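The values are calculated or read from the model by the stated rules, or taken from the named source; none is laboratory data. The shown structure was predicted, so the numbers you read here are calculated from the model rather than taken from an experiment. Ideal geometry is used to build each Cβ from the backbone, glycine not excepted, and the neighbour counts take in all protein chains shown.
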Amino acid sequence: MTKTGKPACIHVADILLGSYVSGPGRRNVVFVQGCSIRCPGCANKDFWEPGVGKSCNIKQVAKRLVSGDPEGVTISGGEPTDQLPAVLELCDKIHELKPDMPIIMYSGKHACDIERMHKELLGKIDLVYADPFNPKLAKTEKERGSGLVPVGSSNQQVVHISGRYNYHSGVRSTPYTTDTVFELRVGPDGTLQLSGFYDEGRVDECRS
Ligand code: SF4
């Protein structure tokens, strides 16, 4: 905690710079560590356990997330609302550095719960992709690539907080249009990092 009572640190599982599969345009993404929702079929099970990721200084994370002049920042997980005070502080730090930086959040909470948080999120987060992943309603890679909503299952909804990404409002016009549904990065040590939305079996395919 800082002297003002605000959180100084956030538990982070990973940071991905320059992703095209986490919302409109080129985005820097933080995956927070810890998820209490635990949807069946979740692709990010490594991010479930709370407190095991890196405890990172929020200011430093914000600096990384605005680096390289991205279209915006995406906060994913894990479940960002499990660390809501730290996530909101992260948004404030991002906006201190880049006041107009759009921020999108993924949450497994139901859209109605996100709407109840509207006041807390207002001025900090522009849009939330909400609702738990449902494997019975999972989209195929093709459906994900052709849709405007980059989510894993068709029950998941978009909650517009600011209207900035509401293309029907005319406020902003950078829709999510990409054929890219997943990204595979190979680290210098040969480690594989797969992100985005992909069909079951894709991980094994990439390893082989
Ligand atoms: S909310 Fe996200 S990270 Fe948590 S279990 Fe569901 S899909 Fe996985």
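Below are the figures for this structure:
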item: Per-region count, segment 27-55, residues polar (S, T, N, Q) and near the ligand (Cβ under 7 Å from one of its atoms); result: 1
item: Criterion: over 21 Å from HIS118 (Cα atoms), in contact (Cβ under 8 Å) with a residue 40 or more places away in the chain, surrounded by fewer than 21 Cβ atoms within 10 Å (Cβ to Cβ) and aliphatic (A, V, I, L, M) - qualifying residue of LEU65, LEU97, LEU16; result: LEU16
item: Test: residue in segment 34-49 that is touching a Ser or Thr at 6+ places or on another chain (Cβ under 9 Å) and assigned to a strand (DSSP E or B); result: no
item: Residue in segment 19-32 that is surrounded by the fewest Cβ atoms within 10 Å (Cβ to Cβ), counting only those that are closer than 15 Å to PRO102 by Cα and in contact with a strand residue (DSSP E or B) (Cβ under 6 Å, 6 or more places away or on another chain); result: ARG26
item: Hits in segment 126-141 - residues which are part of a loop (DSSP other than H, G, I, E, B), at pLDDT 90 or above and within 16 Å of the ligand (Cβ to nearest atom); result: ASP131, PRO132, PHE133, ASN134
item: Qualifying positions in segment 73-97 - touching a Pro at 6+ places or on another chain (Cβ under 9 Å), at pLDDT 95 or above and not in a helix (DSSP H, G or I); result: VAL73
item: Residue among GLY23, GLY5 that is part of a loop (DSSP other than H, G, I, E, B), among the small types (Gly, Ala, Ser) and more than 16 Å from the ligand (Cβ to nearest atom); result: GLY5
item: Some residue of segment 114-123 being away from the ligand (no atom under 13 Å from the Cβ), in a helix (DSSP H, G or I) and crowded, with 23+ Cβ neighbours inside 10 Å; result: yes
